[in-house]
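One structure is given below, represented as structure tokens, and several questions about it will come after.
The values are calculated or read from the model by the stated rules, or taken from the named source; none is laboratory data. None of the values given here were measured: they were computed from a predicted structure. Cβ: placed from backbone, ideal geometry, glycine included. Neighbour counts: every protein chain shown. In case anyone asks, the SASA skips ligands and DNA or RNA and just uses the protein heavy atoms, side chains included. Shrake-Rupley method; radii C 1.70, N 1.55, O 1.52, S 1.80 Å.
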Amino acid sequence: MAPSTPLLTVRGSEGLYMVNGPPHFTESTVFPRESGKNCKVYTFSKDGTLFAWGNGDKVNTISITNKGLLHSFDLPKAVCLEFSPKNTVLATWQPYTTSKDGTAGLPNLQLYDVKNGTCLKSFIQKKMQNWCPSWSEDEIICARNVNNEVHFFENNNFDTIANKLHLQKINDFVLSPGPQPYKVAVYVPGSKGAPSFVRLYQYPNFAGPHAALANKSFFKADKVTMLWNKKATAVLVIASTDVDKTGASYYGEQTLHYIATNGESAVVQLPKSGPIYDVAWNSSSTEFCAVYGFMPAKATVFNLKCDPVFDFGTGPRNAAYFSPHGHILVLAGFGNLRGQMEVWDVKNYKLISKPVASDSTYFAWCPDGEHILTATCAPRLRVNNGYKVWHYTGSVLHKHDVPSNAELWQVSWQPFLDGIFPAKRITYQAVPSEVPNDEPKVATAYRPPALRNKPITNSKLHEEEPPQNMKPHTGNEKPLSKTALKNQRKHEAKKAAKQEAKNDQSPDVAPTPTPQSTSWNTVSQATSGDPEVDKKIRNLKKKLKAIEQLKEQAAAGKQLEKNQLEKIQKEKALLQELEDLELGI
């Protein structure tokens, strides 16, 4: 039985070692520290009971529960390790090399039997990308992409190819999680004017043009990322191009597609244009979160109909992480952003905390669903390396800083199977911690000497959008369209601003008409869907603009004609008419 608290594994220039998880954070005796800088790779089994690492000389495997060495393999150049889901096979990969005379190199992908240490099969796998074979969770089938076709093996018998999925130039595939029936998503890039496509198949039904469960084709795709949900009922496909031909983005162009195993497919409509930074499924498999749009980015939760459920507004973020139980969502801005995190209660859509993990390059949820790991690792950043363990309420429970002459390369949690840790009730009160959170304070904006003694004006580069619930209205009420919702929010904000202005004014001071006279100018061009109403609104705005110009001329000392003065007197009536029309939209 694995320990009740997940271990932390740390790899860096100081060596490879393990740390006990919360609340102790002491160095673990399960794995004796291996000093030196030669450790290139380590991995846990899916249930966290086995551990394998390469020290530049051998690849060793140990049992975490029994603390004993199981096997040692003579693989000095191994840089990738992976256990099969039921701990039957250990897959290892070394860089492929050819001899000087140009003859083919030796097989560099080895599959070892974990029980007795024998080599089951060796393959030649030239590319590091997608090097590892994909197993179903029960290990009944295993698949590899070989020369643009997918080879399937059954019951870990790698000497016989049980099935093949052959399409023209299969670039990538992803096996579905979960039990039978097994499904596979395959991606074929477009060529010679033909579109790219992703198809879903059910193993082993690959024959015939109608064998596919679902098919989605699209043009703008140089590469794709395919994400199955946990129940294997749908796939999200992020299709991206290397170059955005419109010139709007340096990072190419992305689109998000939804494909279900029942044959349904759709393009997920994202309200804000710009890159798609991250997409994550909730473990419930009924909703997903997308982070997208030019900075400040939007984040939205969608249901299986690709309708928005909740919009988190805009903010400095580029990643989304659901907790293992799916009840908490972290939106974060890492990499070239400051490391601000927003921790949300997904059930009630309430903000829990807003911690800041500056310079973080890595984020991971603890399998217990309560703790978070953030780290600053080399070579992404070679200064201020270290890691922190947080409680989701924003408290730092443990902090480890690497000495300035050392580097941290990798840190991760010991994995556990689903169901080991029960979901706990969400708390909003920050848990007590003895570790001070020494995040640097945000520097205030520079103010030139001439403005330093004057009141600060709230000017912003971007208009921030607040979070909002996007669920459709219950009962007989029709759900509002996107345009109607946008207009409704504007009118509510306008009313609130007017009310606030009235409250701020003292009783003996008469309200100035200036905000009212210019309020028509602050409303953006809204459309009602009725051409006649839109035409009236445009005409009213033209008249109000002309009145504003006349008032400016009068203020400058110009003598106005009688008809011009009459126009100014009509301003109040025009404003009222405009407001009535807009509120009716």
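Table: residues versus (1) under 30 Å from residue 466 (Cβ atoms); (2) open to solvent by 50 Å² or more (accessible area, probe 1.4 Å); (3) modelled with pLDDT of 85 or more; (4) not in a helix (DSSP H, G or I).
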site: 497; (1), (2), (3), (4): yes, yes, no, no
site: 509; (1), (2), (3), (4): no, yes, no, yes
site: 547; (1), (2), (3), (4): no, no, yes, no
site: 559; (1), (2), (3), (4): no, yes, no, yes
site: 568; (1), (2), (3), (4): no, no, yes, no
site: 575; (1), (2), (3), (4): yes, no, yes, no
site: 580; (1), (2), (3), (4): yes, yes, no, no
site: 585; (1), (2), (3), (4): yes, yes, no, yes
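Ok, one more. In contact (Cβ under 8 Å) with a residue 40 or more places away in the chain and either open to solvent by less than 50 Å² (accessible area, probe 1.4 Å) or among the aromatic types (Phe, Trp, Tyr) (or both): does that describe residue 130? Reasoning before the result, please.
On the way: in contact (Cβ under 8 Å) with a residue 40 or more places away in the chain: yes; either open to solvent by less than 50 Å² (accessible area, probe 1.4 Å) or among the aromatic types (Phe, Trp, Tyr) (or both): no.
When the stated conditions are applied, residue 130 does not pass them.
Which members of the range 1-55 meet the condition of being polar (S, T, N, Q) and either within 30 Å of residue 435 (Cα to Cα) or without any contact (Cβ under 8 Å) to a residue 40 or more places away in the chain (or both)?
4, 5, 9, 13, 20, 26, 28, 29, 35, 38, 43, 55
Here are some residues: 111, 120. Which one is in contact with a Lys or Arg (Cβ under 8 Å, 6 or more places away or on another chain) and either at pLDDT below 90 or within 18 Å of residue 60 (Cα to Cα) (or both)?
111
How many residues are closer than 21 Å to residue 305 by Cα, aliphatic (A, V, I, L, M) and more than 15 Å from the chain's Cα centre (by Cα) when one looks only at the range 218-238?
Total satisfying the criteria: 3.
If you don't mind, there's one more thing I want to ask. Please determine whether any residue of the range 151-166 is open to solvent by 20 Å² or more (accessible area, probe 1.4 Å) and within 21 Å of residue 238 (Cα to Cα).
Looking for residues that are open to solvent by 20 Å² or more (accessible area, probe 1.4 Å) and within 21 Å of residue 238 (Cα to Cα), one finds none in the range 151-166, hence no.
Taking the range 370-388 as the search range and keeping residues that are part of a strand (DSSP E or B) and over 20 Å from the mean Cα position of the chain (by Cα), which one is surrounded by the most Cβ atoms within 10 Å (Cβ to Cβ)?
So the residue we want is 387.
Given the criterion in contact with a Lys or Arg (Cβ under 7 Å, 6 or more places away or on another chain) and under 17 Å from residue 329 (Cα atoms), identify the matching residue among 374, 427, 361. Walk me through how you get there before you give the answer.
Numbers: 427 fails: in contact with a Lys or Arg (Cβ under 7 Å, 6 or more places away or on another chain); 361 fails: under 17 Å from residue 329 (Cα atoms).
Of 374, 427, 361, the one residue that is in contact with a Lys or Arg (Cβ under 7 Å, 6 or more places away or on another chain) and under 17 Å from residue 329 (Cα atoms) is 374.
Turning to a different aspect of this structure: Within the range 248-271, can one find any residue that is under 15 Å from the mean Cα position of the chain (by Cα) and more than 20 Å from residue 217 (Cβ to Cβ)?
no
Follow-up. Which of the residues that make up the range 56-113 are in a loop (DSSP other than H, G, I, E, B), under 19 Å from residue 139 (Cβ atoms) and open to solvent by less than 20 Å² (accessible area, probe 1.4 Å)?
84
Looking at residue 374 and the list (1) free of Cβ contacts under 8 Å to residues at least 60 places away in the same chain; (2) under 19 Å from residue 26 (Cβ atoms), which single condition is not satisfied?
(2)
Which condition from (1) closer than 25 Å to residue 129 by Cβ; (2) of a type in the set (A, V, I, L, M, F, W, C); (3) buried (at least 16 other Cβ atoms within 10 Å of the Cβ) is the one that residue 219 breaks?
(3)
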